[in-house]
Each structure stands twice: as C-alpha cells, then as structure tokens.
Amino acid sequence: MTKATRREVFPQLAGHRALDLLNTVGWRLAPERQYDALTSYDDLLRWGHQTGLIGIPETGDHVDAAARERELQQVVDLRENVYAMLFEAGTVEVFTAAYRDAVGRSMLQRDGESGFRWVPNGEGVALRDLIALDVHDLVTRTDLSLLAQCQDDACGWVFLDESPRRNRRWCDSADCGNRNRARAHYRRERQRAGAVVDGR
C-alpha cells in the first residue's frame, strides 16, 4: 500500500511521457518508503498539464466527485498494469482493453509528415484515453530495448537509456547517482580502514 504525498512539480526525466507516468510512484522498490504522487484528480490534471498531455487544466470542480475518483483510480490501475507489462512480464489484457476503449472514442488524424495517429474526439476527454494512446505510442514507436530502471536498490524509477554507450545507471545522476557513489565511497573507506587495522 503506497502512502499519499503531494508533488508540486512532477519528474520528467524518463524520455517518454508514458514512463514519466510510471515515475509518479516514488521508491517503488521499497514498500516501507513507497509513495504515490497522484493522490487526487487535481493531481492528475496537474500532471497532465506539466507533461504536455493536456492544456491548462481546469480545477475539475465541474466533474462530480464519484467520476473524479473513478477516473483517478482507472489511471492508477492502468499505470500499474503498464509497469507490470513492461518491467515484470505482466499481462497485456488491461492495457489492450484500455487502448481499444480509447480508440473507440477517437478519430484518426494525420500526424505531420510521419503518418497518422488516434486523437480523442469529443469534449470532456477522459485522461485515461489520452494516456492509453500515449502508452501505445511508447510500445509501438520506441525501441523497447532502451527501457531501463534506476539501479538504486529502492528507487524503481524507469527511463529510456539513450546514452551513447547504453550505460546509464541512474534515473538522475545528481540524485540517485550521487547518493550511491557516496555510499560506495563510504564502503571503500570502511574496508580500507579495516584492512589497516588488521595489518597492525
């Protein structure tokens, strides 16, 4: 069970918006520290705006409370299914159903010179539809061999490793990277000190 926490600014370091959605769960690999940054429908709207999925969001007050809660839960369920599908060999059925529903409420539109894409057609578009279409873009247009997960034991954030040597280890070199380098340095110093004591 994840605890709730509020983020004013959502991380965007994964290389694809669908992966940034997965990173709204913090400390995913450490259940005792894990938190969910999508704690309300308004959080979901802010995430959508900050990542460019939607324009400037309204407050969502015009949507009744039950619908807001239902939409949030459907997005969270979809997020967790996509994480399992990509990183835990989970099934594709939930995402497949979400994508079919999204396409059923969408129309095909030319996408510049590169081809076509599905675009939701109607007002009051469900965010889960936009997210399902975004995930479909990730899994069909991206080299999934680039998928990686932060090598911090607790972090769990994910990203596309587009580094020249495919050797990116951390979600954020200045955060998890620095913390793990400091930890490794401390261990080496402890070992060195132990070796000196043993040698006396």
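Fully extending the segment from Ile56 to Glu93, taken as 0.36 nm per residue of separation minus the present Cα-Cα distance, adds 10.1 nm.
Which value in deg cm²/dmol, rounded to the nearest 500, describes the helix-derived mean residue ellipticity at 222 nm for the chain, given -39,500 (n - 2.57) per DSSP H run of n ≥ 4 and division by the residue count? Before the final figure, lay out the partial values.
Values: 6 runs with 87 residues, N = 200.
Taken over the chain, the calculation gives -14000 deg cm²/dmol.
Listed values for region 98-108 are Karplus-derived 3J(HN,Hα) couplings in whole Hz (6.51 cos²θ - 1.76 cosθ + 1.60, θ = phi - 60°), namely 5, 5, 4, 4, 5, 5, x, 10, 10, 10, 7, and x replaces Gly and Pro. Think of the chain as having a plus end and a minus end, set by charges on the Cβ of Lys, Arg, Asp and Glu; of Val82, Ala67, Phe159, Phe159 sits farthest toward the positive end of this dipole. Using only Cα atoms, locate the centre of region 124-174 and the centre of region 16-75, then give the distance between them in Å, rounded to an integer. For region 124-174 versus region 16-75, the Cα centre distance is 17 Å. A Gaussian network model of the chain, with springs between Cα atoms under 10 Å, assigns the largest mean-square fluctuation among Ala97, Ala174, Ala148 to Ala174. For the pair Glu162/Asp101, report the inter-label distance in nm, with labels modelled 7 Å from Cα in the Cβ direction. Inter-label distance under the simple model: 3.1 nm. Among Phe159, Phe87, Phe95, the residue with the largest mean-square fluctuation in a Gaussian network model of the chain, with springs joining Cα atoms closer than 10 Å, is Phe87.
From the C-alpha gyration tensor of the chain, pull out the three semi-axes of the equivalent ellipsoid (sqrt of 5λ each), sorted largest to smallest, in whole Å.
On the way: eigenvalues 285, 81, 41 Å².
Over the Cα atoms of the chain, the ellipsoid semi-axes are 38, 20, 14 Å.
Of the residues Thr140, Leu29, Leu19, the one whose Cα sits farthest towards the positive end of the charge dipole of the chain is Leu29 (charges of +1 on Lys and Arg Cβ, -1 on Asp and Glu Cβ, taken about the Cα centre). Taking amide H atoms as placed 1.01 Å from N in the peptide plane, the amide H of Leu147 lies under 5 Å from those of Asp161, each 5 or more residues away in sequence or on another chain. If I build a Gaussian network model for the chain, linking alpha-carbon pairs within less than 10 angstrom, which residue out of Gln109, Gln73, Gln34 has the largest mean-square fluctuation? Per the Cα network of the chain with a 10 Å cutoff, Gln109 tops the list. Remark on the chain: Cys176 stand apart, with no other cysteine beta carbon under 4.7 Å.
Values in this text are rule-based calculations from the coordinates and carry no lab data. Note that this is a predicted model, so its numbers are computed, not measured. FYI the Cβ positions are ideal-geometry reconstructions off the backbone, even for glycines, and counts take in every protein chain you see.
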